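The structure under discussion appears below in the form of structure tokens.
The values are calculated or read from the model by the stated rules, or taken from the named source; none is laboratory data. Remember, it's a predicted structure, so these values are computed and weren't measured experimentally. Ideal geometry is used to build each Cβ from the backbone, glycine not excepted, and the neighbour counts take in all protein chains shown.
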């Protein structure tokens, strides 16, 4: 009987404890489950992770619930990735019990020194294109590299090559033998080489070693030339792919850039020569008395030919040596010329300078000297007092192959007279010297008050090429030479 009472008592106590436990459980909230915590983390992690990352794995590695302070702290490990990198990070998640509900209070980074990121693929093409620039290449190869024997300056910034006036003069002096003293307002810049097209031809990607070695064809673009070679770019993974080294694996070779070719035509050359000669006539004659300027027009030029072509400054400067025949009314000249063309990225090819050598006489058209030359002659006394200026016609009747001249001077004053004269035309210097023989010619009676009758009369002068005029070398270039009195004169060839 007593044992039955004890058993009943134990049953009642157990039922009471069970009811109390149920009541307490109903009054206290349950801890967050792992799936609930992961859902909260996934929702809030969007504010922490870059938008392009995706969460792959969530794992709780530690948890501490403080019932007294009604907090629940969870430490977790999160794995995520973007399109080329995998990440491992640690976070601390803290909940606070508020009105019998667990409320997410914070999600903060944790054990950041243990965070890790590893590549899942090699270097992106977009990053390669961004990094492979002229400045980057020059940082590994240097600002100047030799390609086909010429120096190429590389880089968007830094060194800029100029074609100086001194260089222009050097080229002219080297090619045609004299310095023209050329001066320009400014020099034209020659650009540095930049990177053109690139193409990957091989890559050795070793993700376990954080290494990606990429071999590429690289084009270097200059104003006129382009050079193609092969380079290897070594990338290493350090908190992202970075370029660690670069070197040439196949030497660069240059070629002309399409659309920048320049070929000097005869039409272009003649136009450049004629335009330049407007303000820069050719000088003929070495002596003071017969030195003169000769104009050039395109319709006077013939037989233009290029003898030599020199390319310099990475083909942005093209120097042409040529010859042409300049035909004047009475004389043909053989003239050497140097034309310098330069490429300007903004305007293309343009003439930089034109220079001429001293003209050489090719042909003296003696047949065209035959005929009348109308003008005047002056009479000066031996004390250089002026006795008058008189009209005349110089009639040249013949010129021999040796330059021997037979001519008549016809005085056109009130008492006209004619005098036969002989002499020579110097076909090397285009000078003429003629004189009468015998001192009894009435034409020279005008000077007999001051000159004794023992002298012959004569004329000595030079051909003025532009005007087809024979004239004494200088005013008052008169006097007694070799038994002859030479008059000041000027006479122009008529049709």
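Checking the structure you have, find out if any residue of region 122-140 is closer than 30 Å to residue 196 by Cα and in contact with a helix residue (DSSP H, G or I) (Cβ under 8 Å, 6 or more places away or on another chain). Yes, that holds for at least one residue. Exactly one residue out of 152, 102 is assigned by TED's automatic domain parsing to the domain that holds residue 226 and either surrounded by 18 or more Cβ atoms within 10 Å (Cβ to Cβ) or under 43 Å from the mean Cα position of the chain (by Cα) (or both), and it is 152.
Looking across region 453-480, just one residue is at pLDDT below 90, within 60 Å of the chain's Cα centre (by Cα) and at positive phi, and that is 476.
All told, residue 364 falls short of being at pLDDT 90 or above, crowded, with 21+ Cβ neighbours inside 10 Å and closer than 27 Å to residue 395 by Cα.
Reported count of residues in region 136-157, each being closer than 21 Å to residue 242 by Cα and in contact (Cβ under 8 Å) with a residue 60 or more places away in the chain, is 4.
Scan region 438-452 and give yes if some residue there is part of a strand (DSSP E or B) and either at positive phi or at pLDDT 60 or above (or both), otherwise no. No: zero hits.
For region 44-63, the criterion of being in a helix (DSSP H, G or I) and either at pLDDT below 60 or farther than 30 Å from residue 123 by Cβ (or both) is satisfied by at least one residue.
Of all strands (runs of 3 or more DSSP E) completely enclosed by region 239-307, which ones contain at least 1 residues that are closer than 25 Å to residue 135 by Cβ, over 30 Å from the mean Cα position of the chain (by Cα) and touching a residue at least 40 places away in the same chain (Cβ under 8 Å)?
The strands (runs of 3 or more DSSP E) meeting that bar are 241-256.
On inspection, residue 231 does not qualify as surrounded by 18 or more Cβ atoms within 10 Å (Cβ to Cβ), out of contact with any helix residue (DSSP H, G or I) (no Cβ under 9 Å at 6 or more places or on another chain) and not in a loop (DSSP other than H, G, I, E, B).
Residue-wise test of (1) surrounded by fewer than 16 Cβ atoms within 10 Å (Cβ to Cβ); (2) assigned by TED's automatic domain parsing to the domain that holds residue 222; (3) at pLDDT 90 or above.
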residue	(1), (2), (3)
137	no, yes, yes
144	yes, yes, no
148	yes, yes, yes
171	no, no, no
176	no, no, no
181	yes, no, no
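Please tell me if residue 387 is surrounded by fewer than 18 Cβ atoms within 10 Å (Cβ to Cβ), modelled with pLDDT under 85 and outside any loop (DSSP other than H, G, I, E, B).
So residue 387 passes the test.
A quick yes/no check of all residues on (1) in contact with a helix residue (DSSP H, G or I) (Cβ under 7 Å, 6 or more places away or on another chain); (2) surrounded by fewer than 15 Cβ atoms within 10 Å (Cβ to Cβ); (3) farther than 19 Å from residue 109 by Cβ:
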site	(1), (2), (3)
40	no, no, no
56	no, yes, no
66	no, yes, yes
77	no, no, no
80	no, no, no
83	no, yes, yes
93	yes, no, no
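Could you list all residues from region 344-359 that are over 16 Å from residue 321 (Cα atoms) and in contact with a strand residue (DSSP E or B) (Cβ under 7 Å, 6 or more places away or on another chain)? Result: 344, 349, 350.
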